[in-house]
Amino acid sequence: MNSVYESFWVTTEYVDDFKHSSAALTLVRKIPLQGSNVTAILKICVSDNYLKLLINNSSLKTEASVSGYPVFFTNNAKNNLKSLGFEFPESSVNKYVSFSGIGVYDGKEVLYKVSTMRPSLPARQPDKIHIVTLDYEALPDQQKFNVICICIMSFSLLVPLIMILLFSNAFSRRINLLRNQMHQVSKGDYNIIEKFNGNDEVFELFCDLQTMIREIKELDAQIFTQKLRQEQLINHQQEIKFELLSSQINPHFLYNTLESIRMKAHSAGDKDVANAIKLLGKAMRHSLEVQGKPTSLSSELEYIQNYLEIQKFRFGDKIHYEIKVSPEINCEKYMILPLLIQPIVENAISHGLEDVDSGGFISIKIEKENDKIKISASDNGCGISERKLRELLEWINIPEPENKTGSIGLRNVNQRIKIFYGEDYGISITSILGKGTTVKLTLPFDLEGKK
């Protein structure tokens, strides 16, 4: 017993009424007796019921001791005056010291927290009460938690990694497939796969590739059709040339003969005949020189004017004509297939004005409508009935008719236009019985012409 101080705290053994012994927190105090040299000792044992009410409900193990004495309170085992098992730093000044950590207690690794405090009463004494709170489940729970966290993190990393790898592999396969199909198309092989899995930007690229292939095929078909038409036109022109050669007419002999007749008429004073022969020579020269090649519109109109002047010489006042060209059309630059206008003018004279005795009139107009050229030849003749007009339109649109007794000139012009310029162009005919007929050619507006 520390006799320096008049009172102090210790841990003593306490025996209750049922002869059960246990450790108890005890305050020991000296009491001097007056008139005697004997000192009385007072021992006050603190009941642990209050501590039990505060601590026993906790799942943690709690032990308390005082000044290095055995444990005076524990909530999880019988208090048998064992030592606390921890070393405590000196804290003579501070009334309260707290520290925690991981340590070994009763042979087990535990998480602990130690609180050291000085009692308020009595004063001026060094006794300190140490309270240790132990958690035997914290470290295993922490280890389990760490394992769970590691598993969750591994799962969180592994699953996205696997998904990224699978997605990258699938995306790479689709990209390679698309690249192979595009490489196949670049080599001219358009027989690509019909289906492409997915519904993303790569699928849209594949759809664009399919659209491009369809457009390329359509363009190839158009080019092939155009080449076929050009070949047909060339063959047709060769047939015409062969027919001209087979006629065994020597153009130089014909020109010389016409020139001799013209000079004879001029010497005889018949200038009208001489002029008509001159115009006929120019018309024949134009017909033989063009040989199916595109010619300027101005050259073609000059030929038409010569042709109409010859007809005026032939029919006199029975025929009058006019030629009007829209100012926005450059006749010198605009190229046209030769001998397209002459057959419709000839048809107007021979059929439209056949029953006209005088006052016959032919109007030739050349106008621009959007991206097309409209060349019309109108007469004020007898016109055509609706039934005959339908038959005529059907006739001129038949490529190779079995019966060749119809209007060969108009059908020939219509077929040449369609072969050379395309199906969107050709001849249209309107007529009013007793008032006249209009034949209209529709051609593309191409200043440079077709080669």
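The values are calculated or read from the model by the stated rules, or taken from the named source; none is laboratory data. The structure displayed is predicted, hence computed values, not measured ones. For neighbour counting, all protein chains shown are included, and Cβ atoms are generated from backbone atoms with ideal geometry for every residue, glycine included.
Worth pointing out:
- Residue within segment 356-371 that is aromatic (Phe, Trp, Tyr) and in contact with a strand residue (DSSP E or B) (Cβ under 8 Å, 6 or more places away or on another chain) present: yes
Each row is one residue, and each column tells you yes or no for (1) more than 27 Å from Ile417 (Cβ to Cβ); (2) assigned by TED's automatic domain parsing to the domain that holds Gly409; (3) at pLDDT 85 or above; (4) in a helix (DSSP H, G or I).
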| site | (1), (2), (3), (4) |
| --- | --- |
| Leu161 | yes, no, yes, yes |
| Ala170 | yes, no, no, yes |
| Asn191 | yes, no, no, no |
| Asn199 | yes, no, no, no |
| Gln222 | no, no, yes, yes |
| Leu228 | no, no, no, yes |
| Ile234 | no, no, no, yes |
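- Gly381 being more than 18 Å from Gly426 (Cα to Cα) and surrounded by 20 or more Cβ atoms within 10 Å (Cβ to Cβ): yes
- When Lys388, Lys418 are checked against the criterion of being at negative phi, free of Cβ contacts under 8 Å to residues at least 60 places away in the same chain and not in a strand (DSSP E or B), a single residue qualifies: Lys388.
- When we screen Asn75, Asn79, Asn49 for residues that are assigned by TED's automatic domain parsing to the domain that holds Lys128, exposed (fewer than 10 other Cβ atoms within 10 Å of the Cβ), at pLDDT below 80 and not acidic (Asp, Glu), the only hit is Asn49.
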